[in-house]
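K.L.:
Just dropping this structure here.
The values are calculated or read from the model by the stated rules, or taken from the named source; none is laboratory data. Because the structure is predicted, anything quoted here is derived from the model rather than measured. No Cβ is skipped: glycine too gets one built from the backbone with ideal geometry, and neighbour counts run over all protein chains shown. Heavy atoms of the whole protein, side chains included, go into the accessibility calculation; ligands, DNA and RNA do not. Shrake-Rupley method; radii C 1.70, N 1.55, O 1.52, S 1.80 Å.
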Amino acid sequence: MTYCRILEEYMEFMEEFNLDKILATNSEGSDSEFFPIISDEDQESIDKFKFPELLPILPLRNMVLFPGVVIPITVGRDKSLRVIREAFKNDKTIGTVAQIDPTVDEPKSEDLYRQGTVATILKILEMPDNSTTVIIQGKKRFNVKEYLSEEPYFTAYVAGIDEKMPYEEQSEEFEALVGSIKDLSMKIIKLSPNLPSEAVFAIKNIDNPFFLINFICANSELKTVAKQSLLQENELFERSIKLLELLSKEIQMLELKDDIQRKVKSDLDKQQREFLLNQQIKTIQNELGGNPVDKEIEDLKVKSKNKKWSDEIAKTFEKETDKLHRLNPATGEYSVQLNYLQTLLDLPWNEYSADRFDLKLATEILDRDHFGLEKVKERILEHLAVLKLKGDLKSPILCLYGPPGVGKTSLGKSVAEALGRKYIRMSLGGLHDEAEIRGHRKTYIGAMPGRIIQNMKKAGTSNPVFILDEIDKVTKNIHGDPESALLEVLDPEQNSTFHDNFLEVDFDLSKVMFIATANTLSTISPPLRDRMELIDVSGYIVEEKMEIAKRHLVPKQLKNHGVAEDAVNFATETLERIIEKYTRESGVRELDKRIAQASRRIAKRIAFNEPLEKTILPEHLEDFLGKPIYTKEMYDGNEFAGVVTGLAWTAVGGDILYIETSLSQGKGKLTITGNLGDVMKESAVIAYEIIKSRAALLEIKTETFDNWNVHVHVPEGAIPKDGPSAGITMVTSLASAFTQRKVKKGIAMTGEITLRGKVLPVGGIREKILAAKRANIDEIILSAQNEKDIAEIKPDYVKGLKFHYVDTIDQVLALALLKQKVSHPMNLEPETKSN
């Protein structure tokens, strides 16, 4: 309750008329009269006040009159003016009754409460604003028995109500109640900013408890319902208790409002101070040549006019620019918003570089920079050819997988040059946060777009060649799964509407040519693998490495070390020796390092004027590179039973592999050694069972298996080995050991074996064939299903080799085992005991 709204009006009224009295001339022209704010009669006079049983009734809106209280009221309704003027001419006595609903302009009798207060009209005043103000004084409460009429004004039969004063035993408690009410009232007046301080004097100068309680009830800002309930309380003691409860609630509300206002005022003061300071800064800036913030925003709008973005993006930019204009430049949000708008402007919306459709030139560029990699080159040229014919094509998403150092990453640069596009490389190694792909939401200070969008901004076009390097090394943790975020990037059906959290609008990646690189496919999730076109870049053979060294590595390293290209020459045999004796890799990274080492030694000799051979021969290599690091496996011949040459694939290329079987007297135990994996051990067990099942065909007595232990070994035990491709080699080795027959000279083999004796195809044929050729192998046994792999190898690489394509192990044994036994064959016949 903000205290005493009516009292405040009355005090303002008094202030207008010399503060302490209301001057008016009565109808008879008497001297000025003084009207106090509370009746100067005693309570006994109030109780003995006589009034007629039939009274004219004045409805009151938002107001309840209490006995003994003097209040001014503004009268506006015609019916109310009529009743006031009629009563003033007669005995000046009226009945006042509050309206139940104050919003009703023309109330009926049912819209009025049944209890009110008899009042005496003290004065009628015509105010300067043409309104009529009436000063009335409450006399005695009454009950309405019956309304007699409603026109021209309300009249009703009423019955007076006597006031019930506190009993003697309640006197002390009542006195305390009155003191509390007085104290709370004065406290409310002090807390309320709308009440004049003179109201405190009015409270202090009222000594009669009856008048004091009625005065506070009438002039409080309680709702009409609450005031009416106080008026209807016949016992003054109970009325004072109710009033105290209402005052206590009001003071709590006032204290809460006061606390809120203080806080709001403090915030407003700070904002006003900042506003004034900013206005001063703007004034100074304008004097110095303009506001840099406004100029910056204007520059953004000018740049946006040249962008080729859609209407949706244009609307977003305009909305965000307006938001920037409303922000305070000193806040952190301003810098985030400015960064967002600059990112939108820097992105290449629908800006494309023209593709180069010269297929011959593209072929020359690819061949110039990379030797081999025919499948990759062919796929790029196919894309260019379709693009040239159709004019529009979604870019392919390629994944080049293979061992390190084979040129997967550098191939991207050549592809970009061949297509005439910008080149962008993004390393994914160790990436573990999804926000690196999708960006951070711009609600955070320091937020930025993901690396996809950042690189697109760097490229400046919407169709660059985008290398996603080391895609197999993406990891996931509590920060999210970046690999799942890449699903949208690498899906041709989705990446036309790629959503970055920072941008909050879609960006088209469908024209970007993504080329991912990986060392292995095993760590890439199946959904991600499914979205890419996989191309195996398995590595280079010796012949390809020699060509790469001649064309690229030697000229590059000589130039890097300041050696003239015609000052020295590496012989072909020298490069082959470096590859075989000083490197062991699929790619050419280690080879590049060795040539760089040799180039440094050459540069040193030239700088010291030491003698230098014009042509570097194999025998000179120890002077430049030291002793050979690796040795190459060469074919050892067929002098030993149980020794067969197999072919193996490794991460650094193909190699030959020896399977050795030795027999010793025992109880038929099978031992397998050589650091073999589970699959290879199983192949050895299968091979042993096949030999047992074909003992009759091989002319081996069945008891031989019970009397001789078998030991199968694969040399170079420090190197782990696994896979099924040594199956037919193990069968041939066991057959040679048990029959003591020679293996055909110059032959090698590879293929998986089943228990039925069927020969299955294996992988890595290209590398294995080239390894056999380097080891001076003449003939190779393969599964018939591997014949297609031989057709893909260049004829130069298979020249001089003879291939045998087989379906069963019987064909393998027929080709590999000679009838001739080895020198000094073992006697596997069981000894006969004499009696």
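K.L.:
Step through the residues of region 428-437 one at a time and calculate ³J(HN,Hα) from phi using the Karplus curve (6.51 cos²θ - 1.76 cosθ + 1.60, θ = phi - 60°), rounding each to whole Hz and writing x for Gly and Pro.
P.N.:
Rounded to whole hertz, the list is 9, x, x, 5, 9, 10, 4, 5, 5, 8.
K.L.:
What residues have an amide H closer than 5 Å to that of residue 460, excluding those fewer than 5 places away on the same chain, when H is modeled at 1.01 Å from N in the peptide plane?
P.N.:
HN-HN under 5 Å from residue 460: empty list.
K.L.:
Between residue 201 and residue 367, what is the spin-label point distance in nm, taking each point 7 Å from the Cα along the Cα→C-beta axis?
P.N.:
Here the modelled spin labels are 11.4 nm apart.
K.L.:
As an exercise, use a Förster radius of 22 Å and the Cβ-Cβ distance of residue 784 and residue 719 to find the FRET efficiency, rounded to the nearest 0.05.
P.N.:
After rounding, the FRET efficiency stands at 0.15.
K.L.:
Calculate the dipole size of region 537-683 relative to its Cα centre from +1 charges on Lys and Arg beta carbons and -1 charges on Asp and Glu beta carbons; express the result in debye to the nearest 20.
P.N.:
Dipole size: approximately 580 debye.
K.L.:
Report for the chain the percent antiparallel among DSSP-assigned beta bridges with both residues inside it, nearest 5.
P.N.:
Percent antiparallel among DSSP bridges in the chain is about 60.
K.L.:
For region 228-244, just list the computed ³J(HN,Hα) in residue order, Karplus coefficients 6.51, -1.76 and 1.60, θ = phi - 60°, integers in Hz, with x standing in for Gly and Pro.
P.N.:
In residue order, the calculated couplings are 5, 5, 5, 5, 7, 7, 6, 8, 5, 4, 5, 4, 5, 5, 4, 5, 4 Hz.
K.L.:
Towards the positive end of the charge dipole of region 63-158, with charges on Cβ (+1 Lys, Arg; -1 Asp, Glu), say which of 100, 83, 138 has the farthest Cα.
P.N.:
Value computed over the given set: 138.
K.L.:
Could you work out Rg/(2.2 N^0.38 Å) for region 398-453, with Rg from alpha carbons only?
P.N.:
1.50
K.L.:
Same structure, new question: In whole angstrom, note down how far apart the Cα centers of region 476-514 and region 729-767 are.
P.N.:
50
K.L.:
If you don't mind, another one. Which lysines have a Cα lying under 22 Å from the Cα of residue 92, excluding residues fewer than 8 positions away in the same chain?
P.N.:
List returned: 21, 48, 50, 79, 123, 139, 140, 145.
K.L.:
Here is a follow-up. Starting from the Kirkwood Rh over alpha-carbon pairs, what translational D in µm² s⁻¹ does region 514-556 have by Stokes-Einstein at 20 °C and 1.002 mPa s?
P.N.:
In µm²/s, the coefficient rounds to 165.
K.L.:
As a test of the definition: which semi-axes, in Å, follow for region 416-514 when you take the square root of five times each eigenvalue of its alpha carbon gyration tensor? Largest first, please.
P.N.:
21, 16, 12
K.L.:
Would you report the distance distribution of C-alpha pairs in region 78-220 as whole percents per 10 angstrom bin, up to the bin with the largest distance?
P.N.:
9, 29, 32, 23, 6, 0
K.L.:
Something else about it: So how far, in whole Å, is the C-alpha centre of region 695-722 from the one of region 294-345?
P.N.:
Computed from Cα coordinates, the inter-centre distance equals 79 Å.
K.L.:
Which order do the peptides 68-76, 438-446 come out in when sorted by mean C-beta neighbours inside 10 angstrom, highest first?
P.N.:
Most protected by this proxy first, the peptides run 68-76, 438-446.
K.L.:
Turning to a different aspect of this structure: Note the full-extension length gain between residue 295 and residue 499 as 0.36 nm times their separation in residues minus their Cα-Cα distance, in nm to one decimal.
P.N.:
70.3 nm
K.L.:
Also, I was wondering about something else. Under the definition of Cα pairs under 8 Å and six or more residues apart, what whole-number percent is the relative contact order of region 485-631?
P.N.:
Over region 485-631, the number comes to 20 percent.
K.L.:
Shifting gears a bit: Stokes-Einstein D for region 370-420 at 25 °C, 0.890 mPa s, Kirkwood Rh over Cα pairs, in µm²/s?
P.N.:
Here the translational diffusion coefficient equals 205 µm²/s.
K.L.:
Just to be sure I understand the model, the point goes 7 Å from the Cα along the line to the Cβ. What's the resulting residue 241 to residue 556 distance in nm?
P.N.:
Result for the modelled spin labels: 10.1 nm.
K.L.:
Taking the Cα centroid of region 598-618 and of region 537-584, what is the distance between the two, rounded to the nearest whole Å?
P.N.:
That distance is 16 Å.
K.L.:
Something else about it: How large is the Rg to Rh ratio of region 307-458 when both quantities use alpha carbon positions and Rh follows Kirkwood?
P.N.:
Value, to two decimals: 1.08.
K.L.:
Quote the convex hull volume per residue of region 706-835, based on C-alpha atoms, as a whole number of Å³.
P.N.:
Each residue corresponds to 149 Å³ of Cα convex hull volume.
K.L.:
Moving to a separate point now. In square angstrom, what is the accessible area per residue of region 300-358 with a 1.4 angstrom probe?
P.N.:
That works out to 58 Å² per residue.
K.L.:
Pulled fully out, how much extra length does the chain show between residue 827 and residue 814, if you take 0.36 nm times their separation in residues and subtract their Cα-Cα distance?
P.N.:
Contour length minus Cα-Cα distance gives 2.4 nm.
K.L.:
Let me ask something else about it. Quick one: in the chain, what % of C-alpha pairs are over 51 Å apart?
P.N.:
Summing the P(r) of the chain above 51 Å gives 56 percent of all pairs.
K.L.:
Then there is this: For region 434-587, what is the largest minus smallest coordinate of the Cα atoms on each principal axis, given in angstrom and ordered from greatest to least?
P.N.:
Answer, in whole Å and largest first: 63, 34, 29 Å.
K.L.:
To the nearest µm²/s, what D does Stokes-Einstein give for region 90-168 at 20 °C and 1.002 mPa s, using the Kirkwood radius over alpha carbon pairs as Rh?
P.N.:
D, rounded to a whole number, is 148 µm²/s.
K.L.:
Let me ask something additional. Taking all protein chains as present, what is the carbon and sulfur share of the accessible area of the chain, in % to the nearest whole number, probe 1.4 Å?
P.N.:
50
K.L.:
So which lysines pass the test for residue 182, namely a Cα distance under 20 Å, with those fewer than 8 places away in the same chain ruled out?
P.N.:
List returned: 190, 204, 227, 242, 249.
K.L.:
Among the listed pairs 388/408; 408/794; 458/511; 593/627; 473/773; 556/627, which have their C-alpha atoms separated by more than 27 angstrom in this model?
P.N.:
Result: 473/773 exceed 27 Å.
K.L.:
Please compute, for the alpha-carbon atoms of region 543-605, the extent along each of the three principal axes and give them in descending order in Å.
P.N.:
Principal-axis extents of the Cα atoms in region 543-605, largest first: 29, 17, 16 Å.
K.L.:
Which whole number of Å³ per residue matches the convex hull of the alpha-carbon atoms in region 482-560?
P.N.:
Looking at region 482-560, the number lands at 169 Å³ per residue.
K.L.:
Here's a follow-up. In terms of modelled amide H atoms, which long-range or inter-chain residues lie less than 5 Å from the amide H of residue 122?
P.N.:
Answer set, sorted by chain and number: 135, 136, 137.
K.L.:
Now a separate question. What are the residues whose amide H is under 5 Å from the amide H of residue 519, where those residues sit 5 or more places off or on another chain and H is modelled from the backbone?
P.N.:
So residue 519 has HN proximity to 402, 472.
K.L.:
Same structure again: P(r) of region 553-671 in 5 Å steps, Cα pairs, percent per bin?
P.N.:
2, 9, 17, 17, 13, 10, 8, 7, 6, 5, 3, 2, 2, 1, 0
K.L.:
Need the list of aspartates and glutamates near residue 545 for cross-linking: C-alpha distance under 12 angstrom, and skip anything on the same chain fewer than eight residues off.
P.N.:
Correct list for residue 545: 576, 580, 585, 590, 592.
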